[in-house]
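The values are calculated or read from the model by the stated rules, or taken from the named source; none is laboratory data. All values derive from a computational prediction rather than experimental measurement. Cβ placement follows ideal geometry from the backbone for every residue including glycine, while neighbour counts extend to all protein chains displayed. Keep in mind that these areas ignore ligands, DNA and RNA; they rest on the heavy atoms of the full protein, side chains included. Shrake-Rupley method; radii C 1.70, N 1.55, O 1.52, S 1.80 Å.
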Amino acid sequence: MRKPLIAGNWKMHGSLASVMALVEGIKKGCSSFSNIEILVLPSFVHLSLVRDILVSSQVSYGAQNLYVGREGAFTGEISGAILADLGCQMVLIGHSERRHIFNENLNLVAKKFQSALEFGLKPILCVGETQAEREANKTEKVIQEQLMSVIDLVGINVFQHAVIAYEPVWAIGSGLTATPEQAESVHVFIRELISQNNVDLAKTIRILYGGSMKPENASSLLAKPNIDGGLIGGASLDVESFLAICRAARNE
Ligand code: PGA
């Protein structure tokens with residue numbers, strides 16, 4: 001049985017006051033939830049504030065990005081070692097905004113994934129196709145490339161410490177959501193790909209869906225057998241909608 005994971009990706013949002021209210025609301029609202037893992041991903045500068053509020057809470061926190069290596073002359077970058085020192089447990093790797101806006105290529109994404117593991121952080125590897133790629137029937141090819149470039153560098157077995165997030169680029173922040181059937185078919189494809197490399201791992205690895213998941217569509221997406229949780233952007237910035245998605249993952 002795979003424990004559902006609901007992760008809130010707060011992107012470049014929030015002030016000290018709004019982040020405090022958001023994280024306190026989530027902590028309070030989910031204190032009685034069991035059988036679900038809840039993760040918040042604030043901006044780097046809000047991590048210590050979130051850490052202080054989440055002491056002795058079941059909600060964990062992580063980061064949206066990192067740069068490779070332990071330390072060095074890389075102005076403006078944050079390493080896995082720094083994040084681990086702050087108590088982060090997970091980190092997003094290869095989010096489509098990193099790939100498309102900041103031009104992170106397959107090679108850099110794979111190195112970042114490796115670096116997360118090196119410092120004991122669980123990477124959440126984001127994969128997904130653009131609208132043009134979907135229309136050109138290239139969805140599976142693109143996702144295979146995104147996954148294999150990482151597997152080729154680090155091997156398949158370390159994926160026992162990782163999570164995969166399928167996020168169709170055309171659905172992110174656009175209000176468009178993949179239908180549960182569209183999402184499920186890509187999740188099945190990803191699981192089969194993992195299975196070709198490691199049969200047992202394919203049964204346990206969690207594959208999240210992301211892309212305009214909200215309270216109204218969460219239940220139908222999360223009901224699919226291969227969708228093990230969600231990576232939530234916009235709807236994670238509101239306590240009530242985030243908690244509603246968490247409840248949907250618990251099948252309430
Ligand atoms: P969205 O973002 O829920 O606002 O579409 C998801 C993501 O980018 O992780």
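Quick look at the values:
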quantity	calculated
Size of electric dipole in the chain: Cβ of Lys, Arg +1 and of Asp, Glu -1, about Cα centre, debye, nearest 20	340
Cut-off under 5 Å, modelled amide H: who pairs with residue 67 long-range	78, 79, 80
For region 5-249, accessible area per residue (1.4 Å probe, heavy atoms of protein chains only), Å²	43
Net charge of neighbours whose Cβ lies under 14 Å from the Cβ of residue 190, counting Lys and Arg as +1 and Asp and Glu as -1	-1
Amide H contacts of residue 37 (H built 1.01 Å from N, under 5 Å, at least 5 apart or other chain)	5, 6
Sequence-separation-based contact order of the chain, relative, with Cα cut under 8 Å and 6+ spacing, percent	21
24 Å tail of the calculated P(r), the chain, as % of Cα pairs	42
Charge context of residue 233, other residues only, Cβ under 14 angstrom, K/R +1, D/E -1	0
Note, ³J(HN,Hα) from phi for region 64-74, Karplus 6.51, -1.76, 1.60, rounded to Hz, x at Gly and Pro	8, 5, 8, 10, 5, x, 7, 6, x, 7, 10
Packing-based ranking, highest mean first, of 105-117, 161-173, 29-41 given that Cβ atoms within 10 Å are counted	161-173, 105-117, 29-41
Most to least accessible of 67, 61 (protein chains only, probe 1.4 Å)	67, 61
Long-range amide H partners of residue 174 with built H, under 5 Å	212
Hits among aspartates and glutamates - C-alpha to C-alpha of residue 3 under 18 Å, sequence gap 8 or more where chains match	37, 184, 200, 228, 252
Rounded, prolate or oblate (a/c below 1.5 giving rounded, otherwise prolate when a/b exceeds b/c) for region 1-151 by Cα gyration tensor	prolate
Set of lysines near residue 111 by C-alpha distance (under 17 Å), chain-local residues within fewer than 8 positions excluded	122
Accessible-area composition of region 133-217, carbon plus sulfur, in percent [1.4 Å probe]	49
